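Data first, discussion second: the structure below is written as structure tokens.
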Amino acid sequence: MMYEFKVADLAEEFGVHRNTIRNWINSRTLPAQEGPGKRYAMKVSDYVALCDKFGIIPKVNMEMAVEIEELKTITTAQTGQPILQLGEKTNTLFDDPSWGDVCLTCGTCASACPIAGVNGLDPRKIVRMAVLGLEEELIESSWPWKCTMCGKCEEACPMNVEIVKLMRRLRSRRPRNLVPGPIHKGVAMCLERGNNLGIPKDDFAFLLQDLGEELAAETCPGFTTPLEVRGSRLLITVNSKEPFAEPDDMKWWWKIFYAANESWTVSADNWEGVNWGLFSGDDEAMKTIVGRIVDNLERLHCEALLLPE
Amino acid sequence: MRENRITLDNTIHTKLATYHDPCNYGRKSLKAFGHGYFEEGRIITRACCPSFVDMEPNRNGNYCCGAGGGAWAMPYAPERVFYGRIKARQIQECGAKMVIAPCHNCRDQLKKSLNKEFDLGIEVKYLWELVSDSVIIPTKK
Ligand code: SF4
Ligand code: SF4
């Protein structure tokens, strides 16, 4: 451990002239190294020895230094806490320092977050835990799934920490069978059957036709649902909750299209517009599902995509 | 609307209306694409609802409804409602009786959860539901 000093300060401490200190340094009577900002450093042991010689009480002493060996002797039993090892671990949660290292621990994000305090956690603590490498604890925590990835914290953060990306990374690190709720099952179902709720192709086509007839009778004379119409201007995706539970809600968009005399279509397969991979942290699935929509666009020669979300 | 392909009747919805900024349309689009869709939804809402008020804070500073990021489907309902208390307060404080939500998640949280949990006494509509209910169907088709 080194004792850092300025020549003037040391001269005052020992009651000698500044030039005396400089002479000692030059003659190596005082073994000190010159550092930046006209500062010098010497070993604390040399400093203490010098103080002894002059009969003055050292400002610092060896007991004040925490020796690494001493740290190692602090056992779990003594503190009740496992010792946290810093500095040797590569943080696999971060892509770059903007994900956490730049955090000032100011707590602004926690003040902005509507669920700060739930389970004793908040975005500041999550970022800090991630910086400290507490990955397992974070991946096991349900907190990142209660966070809505709304970005309010990021908007408030003075350091632009990528808090939402971190939350999503934490989600993606969960084993898939431990993803809470139905969202991973929805992703798996979508990959297998083309929509999150596994609605069969024939049922979907029949429902759309039926609803179209209803709409024609209600407000839009002559309306028919344009399923798989090649060369339509717009391709429209569908949120599977609608055909599943709230089918009449689809008619709102259809009525607008009718009034605007729009050219549009819905594909018979892979029409799902809700990409739950975004929320479950599954980039591969997201890509596949988006790719299928692009395939539909090309196959049906549509000009534009409308995700009526 | 811009191309005059649809005409909207602004006399149907007379209640004081407000517009909920979905995080993904606004704040997160601004970050991802450099454009936050804050004004588009308001222009459409005001074209249907002349009596309009904004919540505070709004746009980039808006509070999430509490059901985003998949939270509507998560098995953490008490937390979701707790989260939504701020949204509920924003709605109450602005005095609106009609809340326009341009996102499926937000609409479900506002209509099926917060409205009941916090006795808001509001009507909630999708943005396109509002347009559909306001659009004038051309007579000759
Ligand atoms: S993104 Fe998550 S952590 Fe940040 S304010 Fe929203 S809910 Fe809180
Ligand atoms: S607001 Fe940003 S800098 Fe402040 S604690 Fe949160 S993440 Fe860190």
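Since every read-out is calculated from the coordinates, none of them should be taken as a lab result. What you see is a predicted model; the values in this text were computed from it and never measured. When we count neighbours, we look across all protein chains shown, and the Cβ atoms used for this are built from the backbone with ideal geometry, even at glycine.
At the listed q of 0.07, 0.08, 0.13 Å⁻¹, the Debye profile of the protein assembly as shown, built from one uniform point per Cα, gives log10 I(q)/I(0) equal to -0.51, -0.60, -1.22.
Taking all C-alpha pairs of chain B, those more than 17 Å from each other amount to 60 percent. Exposure proxy for B:Met1, A:Met250, A:Met129: other Cβ atoms within 10 Å of each Cβ, ordered fewest to most, give B:Met1, A:Met129, A:Met250. Think of the protein assembly as shown as a dipole: +1 on every Lys or Arg Cβ, -1 on every Asp or Glu Cβ, centred on the Cα centre; then among A:Ile289, A:Cys103, A:Pro36, A:Pro36 lies furthest on the positive end. A Cα-only calculation for the range A:199-281 places Rg and Dmax at 13.0, 44 Å. Relative to the Cα centre, the charge distribution of the protein assembly as shown, modelled as +1 at Lys and Arg Cβ and -1 at Asp and Glu Cβ, gives a dipole magnitude of about 800 debye.
Restricting the range A:167-248 to trypsin sites (Lys or Arg not before Pro) that sit in a DSSP loop and have at most 10 other Cβ atoms within 10 Å of their own Cβ leaves A:Arg230.
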